[in-house]
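The structure under discussion appears below in the form of structure tokens.
The values are calculated or read from the model by the stated rules, or taken from the named source; none is laboratory data. Just so it is clear, the model here is predicted, and its values are computed rather than measured. A quick note on method: Cβ atoms are made from the backbone with ideal geometry, for glycine too, and the neighbour counts reach across all protein chains shown. Ligands, DNA and RNA are excluded from the accessible area calculation, which covers all protein heavy atoms including side chains. Shrake-Rupley method; radii C 1.70, N 1.55, O 1.52, S 1.80 Å.
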Amino acid sequence: MRFLFALLFSFCLYPSIFFGQKAIIQGKVTGEQGNLLSGVAVFLLNDTRTANNTDADGVYKLSIPSGKPVKVVYYLFGYISDTITVNVNDDEKRTINKFLSQRTYDRSTFEVVDRSERESFMSRLDPMIASSITGPGGGIEMVLKTLPGVYSNNELSSQYSVRGGNYDENLVYVNDVEIYRPFLVRAGQQEGLSFANPSMVESLKFSAGGFEAKYGDKLSSVLDITYKRPKKFAGSASASILGGSLQLESATKNYRLSGMIGARYRTTQYLLNSLDVQGEYRPAFTDIQAYVLYNITDKWDVDFLSNYAVNNYRIFPSNQTTEFGSINQALQLRVFFDGKEQTRFATSMGAITSTYRFNDKFKLKLIASAFNSDESEKSDVQGQYFINELERDLSKENFGDVAFNRGVGSYQTYLRNQLNYQVYNVELKGFLEKGNHFYQWGARAQHEAIQDRLNEWKMIDSAGYSMPLNGDSIVLNDVVRSETTLSSNRFQGYFQDNYRWRKDSIEYSITGGIRANYWTLNEQFIVSPRLVLSMRPLHWNRDVTFRAAAGRYVQPPFYRELRNLKGVINTDLKAQESIHFISGVDFTFKAWNRPFSFYAETYFKILKNLVPYEIDNVRVRYYAENISDGYAAGIDMKVNGEFVKGVQSWASMSIMQTKEDIRNDFYYNYFNAKGEKIIAGYTNNNEVVDSQRVEPGYIPRPTDQRFNFSLFFQDYLPKNPSLSMQITLVFGSRLPIGPPDFNRYRDTLRIPPYRRVDIGFSKHFISADKPAKKTSPFRNFKTFSLSLEVFNLLGVNNTVSYLWIKDVTNRQYGIPNYLTNRLLNLRLQATF
């Protein structure tokens, strides 16, 4: 009775015990250079369910208990978290501005995911890892290739496929500006530098599907990159056998004007010398970027982003020796070359953005940008080849040497291709926060101008395969000659609303939106609704979020899809369509008393009006007709956390299948008098007495990689943390391949699995944990490290494509084109 009386007395005198009187803290979170930080998680210590996140302007607002000291944590992946103690009165609103410092390498105390990202299918990546990850390509794309659902079988290329899509189905934005890449690239060694400069990046977000309506019209994924907003002088530099980079940034004392410039140089000559094709390689890839921001008033900002890049690739091949086959039939290809190959891709881009904030809840952003690409490829290479069979008898002295010759021949490749395309657009974006709603909308107008000239052919001469016809002509293969000029306009718009609410200790979020797109060339108008739902129980012991998404994603054709295998343009080509159904769950947990997070997503995509294509190395060649339908289904999983105390690592695994059914496709099987199948696809055989029509039905798409596993792992010496190790492992199962006859149903062969391990060992001479002495000549450096990297640690000969040739019996061979071998690299990195 006395307990009940005391309880009633407390209820009457101290209602805050039961109703929980609250106060509010608010403010801005910036980086150490004063740059505004978005996506910072602000929450009460030991209760991540209270987490709120800073918006695009670095502003946060958090409700906390009043009348007692509480600890508030500020966390952003890649930054040093900060914890403060706050004691506020009832109903008080207190402004607390914070700044966070970047980590030299990731040593996390907390692992908290941005609440808005957990509500969607976007994941945040650490840009510091993109600058330091071990691999011949490095950069942001190297990090992406370790994520679930992302596939790549070429370390020389920055391109990637996502959940059964191809390289052209991925969106890339830098500061809300869509980025384009060169069209004429045939091989990874020609690509050079990708657009984004890792040393200039502030934040990275990536979605492998189910992304919101505010993102554009592609079928597979979106990469959203934001550059830094400098507030004081700083910079970074790196140098290695593969090239170097320099980045500088600064700002005026009143922060009204700030800017950043980055320059990169890359040469892959060292890598290419490990290929089977020997010769004189002369690759040179350079780019320079500038980002300038001007704060006209406290409400009005203007910024300018520009880029100029030149990727030159030249090779004078001399010879090639490739061994292939099996133990029962060991073969060797020996080729002697004459001629040269040269490609040049020069791209330039400029974008100006004006942002006006009417208040903390409403702002408008106007973006105008222009993109230009001049591309050329020239090749006149002739090769004389010998197909030899090697001695496989272990008892003989000449084991492994050439036993006899199976065939000789020659081939010639001729290219004279030029392409220029220009893209101009202007876009208006709006942002409005009202109550529990967050509205976003936008409208965009775009003009495209393309001039293309193609002149290419191949000639193969192998024992009568290409011989003079009627004594006066030679058969040429894969002849493409065309000239094209196109000019068109696109109009796009979107609207979406994010609504959050709580009920019965469960936090809900729903984001619904719609996109519209019209292209004047094919006169097609498209509407794409998209929906994302999330639910997070707040009363569970474990922090768990459930997500689901559904939507229509369409991809209107760009120039590459319009051009068929003969170089003919189909201006009536319609948009490809993908209907996404995605569900996912993520939760945080502790293992070995250290923080971890796990997420899994399952998806099913209905693909309609597809344009079939074939992939050779990284070149995508389209049929330029909407003649197939298909599907993609799979599951992605990732575990992330401190496998080693204080250091973030992760492991990803994906299982996927994608197939398509080409409408009205068929072929014939032919039989002799005994009922034996003797030939497929041809009727010029006197033994044929019967035939059977075969409709292939669903066949694997060129990106049908059933299984993928990747690992990014970091470690250090406990007694000497300045010595660290980093390893990147990628395994991808076999991809479909077939002879170059453009009959998709014949692509039943599979490339061997892609297996690669890269490892790096680093000595951090200067870091946040080990600053330079004030008397040291390096006292102005924040970090200084030297790394020894081993590329392709296991020395696996990975196959990227095949060269198809014939011998005297007209038998066709697929000669594997191998990628790079085991190599060492030294890299020096510094920030100041």
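Evaluated with a Cβ-only charge set (Lys, Arg +1; Asp, Glu -1), the chain carries a dipole of roughly 3020 debye about its Cα centre, given to the nearest 20. Treating r as the C-beta distance of Y265 and N669 and R0 as 45 Å, the FRET efficiency rounds to 0.20.
Here the simple spin-label model places points 7 Å from the Cα toward Cβ, and for V292 and F731 these points are separated by 5.2 nm. Full extension of the chain between V568 and L476 gives 31.3 nm of extra length, using 0.36 nm per residue less the Cα-Cα distance.
Separation of region 345-384 and region 756-832, taken as the distance between their Cα centroids, equals 29 angstrom. Subtracting the Cα-Cα distance of V585 and T485 from 0.36 nm times their residue separation leaves 31.2 nm of extension gain.
In the frame of its principal axes, region 345-463 has Cα extents of 85, 39, 19 Å, reported largest first. Modelled this way, with points 7 Å down the Cα-to-C-beta line, the labels at N436 and R502 are 1.1 nm from one another. Would any residue of region 574-601 have its amide N under 17 Å from a label point 7 Å out along Cα→Cβ of K608? List them or say none. Hits in region 574-601 for K608 at 17 Å: 574-582. Measure off, as a whole percent, the carbon and sulfur share of the 1.4 Å-probe accessible area of region 497-584, all protein chains present. The value for region 497-584 is 57 percent carbon and sulfur by accessible area.
Farthest toward the positive end of the dipole of region 676-832, out of F832, L723, F713, is the Cα of F832, where the dipole comes from beta carbon charges about the Cα centre.
Taking every DSSP helix (H) stretch of at least 4 residues in the chain, weighting each as -39,500 (n - 2.57) and dividing the sum by the residue count yields a mean residue ellipticity at 222 nm of -1000 deg cm²/dmol. A crude spin-label estimate for the pair N273 and Q692, with each label 7 Å from Cα along the Cβ direction, gives 5.6 nm.
A 1.4 Å probe run over region 301-345, with the rest of the protein chains in place, finds 45 Å² accessible per residue. Normalising by residue count, region 613-742 has a Cα convex hull of 173 Å³ per residue. Entry for region 548-691 at q = 0.10, 0.12, 0.13, 0.17 Å⁻¹: log10 I(q)/I(0) = -0.63, -0.78, -0.83, -1.01, Debye formula applied to identical alpha-carbon scatterers, no solvent contribution.
Based on protein heavy atoms only, region 241-280 ends up with 48 Å² per residue of surface accessible to a 1.4 Å probe. Computed from the C-beta positions of L824 and V402, the FRET efficiency with R₀ = 41 Å rounds to 0.80. Each part reduced to its alpha carbon centroid, region 304-331 and region 228-270 end up 31 Å apart. Annotation: lysines with alpha-carbon distance below 17 angstrom to K458 (same-chain offsets under eight excluded): K340, K378, K566, K806.
Using the Cβ-Cβ distance between Q812 and F598 with R0 = 60 Å, the FRET efficiency computed as 1/(1 + (r/R0)^6) comes to roughly 0.80.
The magnitude of the dipole of region 222-309, with charges of +1 and -1 set on the Cβ of Lys/Arg and Asp/Glu and taken from the Cα centre, is near 440 debye. Per residue, the solvent-accessible area of region 729-791 (1.4 Å probe, heavy atoms of protein chains only, all protein chains present) comes to 53 Å².
Relative to the longest principal axis of the chain, what angle (0 to 90°, nearest 10) does the C-alpha long axis of helix 2-13 take? For 2-13 against the chain, the angle is about 90 degrees.
The mean sequence distance of close C-alpha pairs (under 8 Å, at least 6 residues apart), as a share of the length of region 550-671, puts its relative contact order at 22 percent.
When the charge dipole of region 553-672 is built from unit charges on Cβ atoms (+1 for Lys and Arg, -1 for Asp and Glu) and taken about the Cα centre, the candidate among G584, F643, I662 whose Cα reaches farthest toward its positive end is F643. How far is the Cα center of region 522-579 from the Cα center of region 120-146, in Å? Centre-to-centre (Cα) distance: 23 Å. Which pairs break 22 Å Cα to Cα here: K68/K93; K28/K253; K205/K253; K608/K659? Correct reply: K205/K253.
Against the criterion of solvent-accessible heavy-atom surface with a 1.4 angstrom probe, D401, D91 sort, most first, into D91, D401.
With Cα extents along the principal axes in Å in mind, check (i) 126, 70, 60; (ii) 109, 63, 58; (iii) 114, 71, 51 and report the label derived from this structure. From the options (i) 126, 70, 60; (ii) 109, 63, 58; (iii) 114, 71, 51, the structure gives (ii).
Over the C-alpha atoms of region 476-543, the Rg to Rh ratio, Rh being the Kirkwood estimate, stands at 1.39.
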